[in-house]
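Enquirer: If you scroll down you'll find the structure; I have some questions about it.
Laboratory data are not the source of any read-out in this text; all were calculated from the coordinates shown. Quick caveat, the model's predicted, so the values are computed rather than measured. A quick note on method: Cβ atoms are made from the backbone with ideal geometry, for glycine too, and the neighbour counts reach across all protein chains shown.
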Amino acid sequence: MSGTRRSRLRRRVCMLSVMGTLVTLASPARAADDCQWYVETIPVYTTEYRPIAIVNINGRNLPMMVNNASAYTMLTTEAARKLKLPLGPRLDDLEVKTNGLDQDYRTARVSRFKTGTLAFRDIELLVADLDLGLSLQGVLGRDLLAIADTEYDLALGTVRMVRPKGQCDQTSLVHWADGQPITVAPLMPRDASDTEIRVSMRLNKRPVFAMLGASHQFTTLQPETVRAAGVPDSQLQRVVARDGVAGQTAHIDLVQIGSEQHADQALEVERTEPAGEYDLMLGVDFMLSHRIYVAYSQGKLYATRNGLPAFTNRAGYGSGDREAGATAAAVKTFEAIPGMWAREGEYYFQTGQYRASLDAMNCAIALKPGAPDQLAMRARAHRALGDAKAALLDAEEALRLDPALHDARFVRAAAGIRVGQPERALEDLNILDRQLPIDAESRFELGQLYGVLHRVPEALRQWDRWIEFHAYHVDLPSAYNERCFLRATHNLALATALQDCERAVALEPTAAAYQDSLGWVRWRMGDAEGAKSAFDEAIRLETGLAWSLYGRSWVWLKQGDAARAREDLAAARKSLPDIDKRIRELGLPAHERPL
């Protein structure tokens with residue numbers, strides 16, 4: 001099912017989702033007196049059987065696929081371009097296949113990489129022309145996921161990197177089991193450095209090699225594996241997927257991993273790798289139905305069931321789905337559905353799909369009314385969609401329930417400005433200024449909102465703090481531009497403003513908005529020729545840019561060319577009909593009479 005059709009369907013009905021809420025462990029967590037483990041946690045959103053993490057690279061959030069079948073973490077070429085990352089030479093000696101295809105790989109070095117509590121500085125990533133779908137910008141691979149033992153809890157939205165410390169060899173690392181049956185299978189690496197998750201299984205009592213890999217949405221058999229399991233080609237069934245793709249399934253009487261058995265299963269058959277790489281790929285369907293601990297430290301894979309179907313296929317569940325006698329863990333999973341919707345709403349918001357985010361949050365709140373964090377998330381979605389009144393209502397209720405929610409306070413301040421409540425908005429901004437850490441990234445927005453209220457000293461303080469602590473942030477040129485334009489509009493410290501604008505332009509010379517700000521500063525300083533040069537460049541970069549056309553009309557007047565001044569002013573007003581009002585409100589010189 002395509003993402004677009006899926007969103008439309010969800011506006012009609014809140015369907016069962018296998019998204020998750022974030023579950024945390026203490027760090028370090030005590031397993032026994034002589035065994036401890038230290039945990040890093042990544043929130044994961046599973047949509048259309050794809051596990052996705054939001055990764056912050058150099059200050060910008062990117063949705064990336066969590067793919068433990070990939071040896072390397074990779075960015076798409078388009079993502080590297082957007083991040084303005086210099087690319088290294090082509091790696092001709094690197095043999096990696098993506099989706100079964102050879103790729104040309106390069107490298108890019110990033111100064112900051114963070115997802116959840118996992119963070120790195122100055123690391124090198126691979127870059128390739130990947131087509132991952134779902135607006136995904138890259139792949140989170142085992143070079144990062146397998147830096148320690150790895151726990152996959154996709155149904156409840158978490159991947160954890162766990163470092164056991166001390167005497168843990170005889171300790172069960174399945175700390176959550178609480179009496180549940182535990183599946184145990186030895187890992188079967190090719191060599192000491194191999195981090196592929198390979199185990200032995202049985203199909204119809206015949207041994208097969210299996211890999212656990214999120215590269216596959218559904219558990220998939222190789223054609224040779226089906227024949228080896230005693231299923232003749234004549235018994236393969238043709239199925240048509242929900243997205244219209246045709247494929248084949250094989251009926252397997254018994255699937256066994258460790259002591260865990262599944263009877264009467266319809267598994268997909270597909271040639272995805274050269275014969276001999278693996279017999280069976282345990283896909284995201286299997287991972288969603290289990291909480292899995294890959295204990296590289298012990299050479300074992302542990303898993304417990306959560307009651308969700310163990311195997312599905314593109315056409316729907318097989319005949320052996322939803323086993324009778326759901327466990328208590330299954331009940332716990334389904335009770336978490338409101339949190340699943342909330343995680344999905346957050347994912348859609350992070351990827352700019354605001355209508356889908358609102359739909360998901362409506363479902364979450366309908367299932368669990370009165371959750372302040374969910375109300376705050378819905379308020380953000382309303383704000384992004386331009387509905388200030390609805391945003392204000394949700395933010396008000398969220399703050400009534402939990403006054404410490406910074407996100408809700410930001411929304412209430414911004415929405416309050418929109419609906420004509422500047423005094424209350426200022427009060428919220430002042431509270432945020434007192435409560436936020438001095439190096440908080442959200443001081444960027446705080447500076448913008450203070451600026452909208454013309455609270456210049458407060459806004460400048462935010463920009464000063466943000467720039468001081470974010471020297472390598474991808475939005476640094478934007479921050480310089482904001483601080484420059486704020487001073488330009490209020491005719492303050494123009495020499496300092498000029499320095500900021502020149503820094504912004506030097507960092508990002510093709511940004512028309514930065515050239516525009518530079519033009520206004522130079523105009524304020526009486527440098528008509530310098531202003532015209534900057535306005536000319538801004539208009540070249542963005543044809544019809546109203547602000548620069550308006551500014552250049554002043555330059556033409558000063559140079560005695562009234563005809564060109566009228567032409568630029570008319571073009572500015574056509575492009576932005578209320579530009580005179582906006583110019584006046586910002587404090588820039590406005591034309592008070594016809595030219």
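Enquirer: Using only Cα atoms, find the angle between the long axis of helix 546-558 and the longest principal axis of the chain, and express it within 0 to 90 degrees, rounded to the nearest 10.
Expert: Computed tilt is about 20 degrees.
Enquirer: Between D464 and H251, what length in nm is gained on full extension when 0.36 nm per residue of separation is reduced by their alpha carbon distance?
Expert: Numbers: separation 213, 0.36 × 213 = 76.68 nm, distance 6.49 nm.
Full extension from D464 to H251 adds 70.2 nm.
Enquirer: Treating each Cα of the range 125-185 as an identical point scatterer and ignoring solvent, apply the Debye formula and state log10 I(q)/I(0) at q = 0.15, 0.22, 0.26, 0.27 Å⁻¹.
Expert: -0.69, -1.10, -1.32, -1.36
Enquirer: What is the distance, in nm, between label points placed 7 Å from the Cα along the Cα-to-Cβ direction at H175 and at D439?
Expert: Label at H175, label at D439, 2.7 nm between them.
Enquirer: Using θ = phi - 60° and the Karplus relation 6.51 cos²θ - 1.76 cosθ + 1.60, list the HN-Hα couplings for the range 422-435 in order, rounded to whole Hz, with x at every Gly or Pro.
Expert: Couplings: x, 5, 5, 4, 4, 4, 5, 5, 5, 5, 4, 4, 6, 8 Hz.
Enquirer: Need the list of lysines near K82 for cross-linking: C-alpha distance under 19 angstrom, and skip anything on the same chain fewer than eight residues off.
Expert: Correct list for K82: K114.
Enquirer: Out of the range 168-254, which trypsin sites (Lys or Arg not before Pro) are coil in DSSP terms and have no more than 15 other C-beta atoms within 10 Å?
Expert: Working: sites: R190, R198, R202, K205, R227, R238, R242; in loops: R190, K205, R242.
Counting only loop positions with at most 15 other Cβ atoms within 10 Å, the trypsin sites (Lys or Arg not before Pro) in the range 168-254 are R190, K205, R242.
Enquirer: Another question, if that's okay. If I take R0 = 41 Å and measure r between the Cβ atoms of Y472 and A404 in this structure, what FRET efficiency does the formula 1/(1 + (r/R0)^6) give, to the nearest 0.05?
Expert: Numbers: r = 30 Å, r/R0 = 0.72.
Computed FRET efficiency for Y472 and A404 comes out at 0.85.
Enquirer: For the chain, what is the mean residue ellipticity at 222 nm derived from helices alone (per DSSP H run of n ≥ 4: -39500 (n - 2.57); sum divided by total residues; nearest 500 deg cm²/dmol)?
Expert: Numbers: 21 runs with 234 residues, N = 595.
Result for the chain, helices only: -12000 deg cm²/dmol.
Enquirer: List, in the order given, every pair from K84/K581; K84/K368; K532/K581; K205/K300; K389/K581 whose Cα-Cα distance in the structure shown is over 31 Å.
Expert: Values: K84/K581 36 Å; K84/K368 42 Å; K532/K581 22 Å; K205/K300 21 Å; K389/K581 24 Å.
The pairs that break the limit, which is 31 Å between Cα atoms, are K84/K581; K84/K368.
Enquirer: Evaluate the distance, in nm, between pseudo-label points positioned 7 Å from the Cα of D264 and of D104 along their respective Cα→Cβ axes.
Expert: Taking the simple label geometry, D264 and D104 are separated by 5.3 nm.
Enquirer: I've got another one for you. Extension gain K558-D34, at 0.36 nm per residue separation less the Cα-Cα distance, in nm? Numbers along the way, then the final one.
Expert: Working: separation 524, 0.36 × 524 = 188.64 nm, distance 8.05 nm.
Additional length available on full extension: 180.6 nm.
Enquirer: Something else about it: Can you tell me the 0 to 90 degree angle between the C-alpha axis of helix 372-384 and the longest principal axis of the chain, rounded to 10?
Expert: With rounding to tens, the tilt is 50 degrees.
Enquirer: In degrees, nearest 10, range 0 to 90: what is the angle between the Cα axis of helix 456-469 and the longest Cα principal axis of the chain?
Expert: 40
Enquirer: Taking a label point 7 Å from the Cα of L94 along the Cα→Cβ vector, which residues of the range 39-73 have an amide N closer than 19 Å to it?
Expert: Taking a point 7 Å out along Cα→Cβ of L94, the residues of the range 39-73 whose backbone N falls under 19 Å are 57-58, 64-73.
Enquirer: Can you give the extra length, in nm with one decimal, that the chain gains between I182 and Q448 once fully stretched, where that is 0.36 nm per residue apart less the Cα-Cα distance?
Expert: Working: separation 266, 0.36 × 266 = 95.76 nm, distance 5.27 nm.
Answer, rounded to one decimal: 90.5 nm.
Enquirer: Can you divide the C-alpha Rg of the chain by 2.2 N^0.38 Å and report the result to two decimal places? Before the final figure, lay out the partial values.
Expert: Details: Rg = 28.3 Å, N = 595, 2.2 N^0.38 = 24.9 Å.
Normalised by 2.2 N^0.38 Å, the Cα Rg of the chain equals 1.13.
Enquirer: Across the range 438-595, what fraction of all alpha-carbon pairs, as a whole percent, falls in each successive 5 Å bin from zero upward?
Expert: P(r) for the range 438-595, in whole percents per bin: 2, 10, 18, 21, 20, 14, 8, 4, 2, 0, 0.
Enquirer: Moving on. How far is it, in nm, from the label point at R584 to the one at K84 when both lie 7 Å from their Cα along the line to the Cβ?
Expert: 3.6
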